[in-house]
Amino acid sequence: MEPSLSATGLDVRHFTHADLPEVRQTLIDVHADALADEMDDPFNQRFPWFVDHWGGHPEFSCVIAFEGDKAVGFAYGAPGSPGREWWRDYLDPAPEKSRTFSYSELAVSPKWRKKGVAERLTRTLMEKRDEDLVVLLVDPEHPRVQALYESWGFRKVGERQPFPDSPVYAVMLAELPLK
């Protein structure tokens with residue numbers, strides 16, 4: 001009998017821009033595992049470009065959860081550029097606070113879903129952020145994922161299609177620290 005899996009038994013490690021050469025393939029592999037049923041989508045096949053784009057940001061922040069030496073999930077993002085808070089277009093009035101962390105990606109291997117891993121990764125990534133807000137995009141075709149973000153304090157403020165071949169995402173915003 002396999003022991004029950006729990007997020008508390010995982011080793012969650014922080015990584016930065018300087019670590020990208022070391023963790024790049026790990027992120028790509030976990031993403032491919034997490035989206036195995038959707039990897040025929042050309043947008044999902046471009047994930048290595050997104051890793052390089054976000055990882056190239058000098059303040060890139062990433063957390064990876066490990067079971068032993070096997071990565072089972074990750075979350076990453078980077079601070080938004082001051083004065084370029086694109087999410088403000090969805091709010092009238094926009095909040096006075098504007099320093100924003102852009103939460104770009106969260107992926108958890110199927111075996112580890114519904115075990116608290118997504119929340120642990122998210123909270124670990126956000127716990128030491130000094131920004132006021134965090135913004136993310138979520139595919140509304142995954143309403144349980146959107147509801148999970150809402151349970152952590154995010155609220156939908158609009159919809160956005162960042163690329164012609166991407167889904168139309170729900171734009172979600174939360175104040176930091178997360179509730």
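The values are calculated or read from the model by the stated rules, or taken from the named source; none is laboratory data. Model, not experiment: these values are computed from the prediction. Quick reminder, even Gly has a Cβ in these numbers, built from the backbone with ideal geometry, and neighbours come from all protein chains shown. Accessible surface areas use protein heavy atoms only, side chains included; no ligands, DNA or RNA. Shrake-Rupley method; radii C 1.70, N 1.55, O 1.52, S 1.80 Å.
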| task | Determine, yes or no, whether V63 is in contact with a His (Cβ under 8 Å, 6 or more places away or on another chain), assigned to a strand (DSSP E or B) and open to solvent by less than 90 Å² (accessible area, probe 1.4 Å). | result | yes
| task | Could you tell me which residue of the stretch 147-178 is farthest from D40 (Cα to Cα), considering only residues that are without any contact (Cβ under 8 Å) to a residue 12 or more places away in the chain and in a loop (DSSP other than H, G, I, E, B)? | result | Q161
| field | Flag if R144 is in contact with a helix residue (DSSP H, G or I) (Cβ under 6 Å, 6 or more places away or on another chain), open to solvent by 50 Å² or more (accessible area, probe 1.4 Å) and not in a strand (DSSP E or B) | value | no
| said: Contact list please: Cβ distance under 6 Å, first residue in the stretch 111-135 and of a type in the set (S, T, N, Q), second residue at pLDDT 95 or above, pairs at least six apart or on different chains. | reply: T122/A75; T124/V12; T124/V63
| Which number in (1) in contact with a Pro (Cβ under 9 Å, 6 or more places away or on another chain); (2) of a type outside the set (S, T, N, Q); (3) surrounded by 16 or more Cβ atoms within 10 Å (Cβ to Cβ); (4) part of a loop (DSSP other than H, G, I, E, B) marks the one condition that K115 misses? | (1)
| Single residue of the stretch 154-164 satisfying the filter (over 15 Å from the mean Cα position of the chain (by Cα) and either among the hydrophobic types (A, V, I, L, M, F, W, C) or open to solvent by less than 70 Å² (accessible area, probe 1.4 Å) (or both)) that is farthest from T122 (Cα to Cα) | F163
| request: Tell me which of these P21 doesn't satisfy, since it passes every other one: (1) modelled with pLDDT of 90 or more; (2) in a helix (DSSP H, G or I); (3) surrounded by 13 or more Cβ atoms within 10 Å (Cβ to Cβ). | output: (3)
